[in-house]
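Structure, as structure tokens:
The values are calculated or read from the model by the stated rules, or taken from the named source; none is laboratory data. Remember, predicted model here, so these are calculated numbers, not experimental data. Note: ideal-geometry Cβ built from the backbone for every residue, glycine included; neighbour counts use all protein chains shown. We work out accessible area using only protein heavy atoms, side chains counted, and drop any ligands, DNA or RNA first. Shrake-Rupley method; radii C 1.70, N 1.55, O 1.52, S 1.80 Å.
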Amino acid sequence: MSNRSYFVHMKDVILANAEQLATLITEKQNETYKELKDSTIDFLSMRIELVEMYGACMGLSEGQREELLKEWGEKSGTYTASHGDVSLDMMLREVPHYRTILGDLIFEEAEKLKLTTREFYEVISLFDRCINDVVFYFSVPFVQHEQKKLEISRQLVTELSVPVVLITNQIAVLPLIGSINEERAKVLHERALSEAARLQISYMYVDLSGVQTIDTYVAQQLFHLLDSLALLGIEGKVSGISPIIAQTLVQLGLDFGRFESFSSLKQALAELKPN
């Protein structure tokens, strides 16, 4: 066909059958994910819009297509990702339905138009590129949304791993468990100081009973924390120093000598005689 009018024909046919095609895709997807029927998202409308967009792309320049697909992908991806009952995997698994259902229509129309192999290849290649672009632009907001959720969860876990426990009106305990990396050390320092100031305590015990190993970095962070507490007028003490940790500190040339320390939290609290 001259002047590549077959692209315009494909566009018109897809647009004319958009609702029917989207309905078929919806039925196929619902067979796999029955829970989508109860979703608050109007997937049929979204799919009709997407099919119409695929049809419109047949009559657009490359730059126009990219702009249209990017705008739709980012908007729809952001909207869909905000609904917790829908996963990216669920959405990506309907992509083959578009390839098959719209692909069959394109093939049928190509036969009617008696397109050459090259002409048919041009149409189906364009359609395939459009789908790939939609998948990319739609997926990016999903990934960003999941990364934000993961970051919020990570921060929450980190904060919960630095609990300041009030024993009396003047005494609090900061029990440390597990390893302490740079990020956790920063949260530990900030949270311990803010809680100590908020609670208006006089004594804080940093308990190392749950810490299996200690190195120079961890020891330096503890020194820094105890010094900062002192600036707030809070007497910091260290408890739970096991023989292994004590031996490690000696080997590292580190000394908690200027801070009162105890082998256990029980011993520390028993010996405390607040004014």
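Odds and ends about this structure:
- Percent of Cα pairs exceeding the 22 Å cut-off, where the set is region 203-275: 17 percent
- Dividing the helix sum by the residues of the chain, where each DSSP H run of 4 or more adds -39500 (n - 2.57), gives a mean residue ellipticity at 222 nm of -22000 deg cm²/dmol.
- Accessible area (Å², per residue) of the chain, counting only protein heavy atoms and a probe of 1.4 Å: 56 Å²
- Relative pair counts by distance (%), Cα atoms of region 43-123, 10 Å bins: 14, 41, 32, 11, 2
- Taking packing as the residue-averaged number of other Cβ atoms within 10 angstrom, the listed peptides 225-232, 171-178 run from highest to lowest as 171-178, 225-232.
- DSSP-defined antiparallel bridges as percent of all bridges, region 135-269, nearest 5: 15 percent
- Under a 5 Å amide H cut-off, with hydrogens placed 1.01 Å from N, PHE262 pairs with VAL238, SER239, GLY240, ILE241 among residues at least 5 apart or on other chains.
- In this structure, the residue pairs whose Cα-Cα separation is over 27 Å, taken from LYS34/LYS70; LYS75/LYS112; LYS186/LYS237; LYS28/LYS70, are LYS34/LYS70; LYS75/LYS112.
- Backbone geometry of region 95-105 corresponds, through the Karplus equation with coefficients 6.51, -1.76 and 1.60 at θ = phi - 60°, to 3J(HN,Hα) couplings of 4, x, 5, 5, 4, 6, 5, 6, x, 4, 5 Hz, x marking Gly and Pro.
- For the chain, size of Cβ-based charge dipole, Lys and Arg +1, Asp and Glu -1, in debye: 660 debye
- Portion, in percent, of the accessible area of region 159-200 that falls on carbon or sulfur, probe 1.4 Å: 53 percent
- Put simply, the convex hull of the Cα atoms in the chain casts, on average, a shadow of 22.4 nm².
- The tail of the calculated P(r) for region 45-185, taken as Cα-Cα distances beyond 22 Å, holds 57 percent of the pairs.
- Between 0 and 90°, nearest 10: helix 18-32 axis offset from the chain longest Cα axis: 50 degrees
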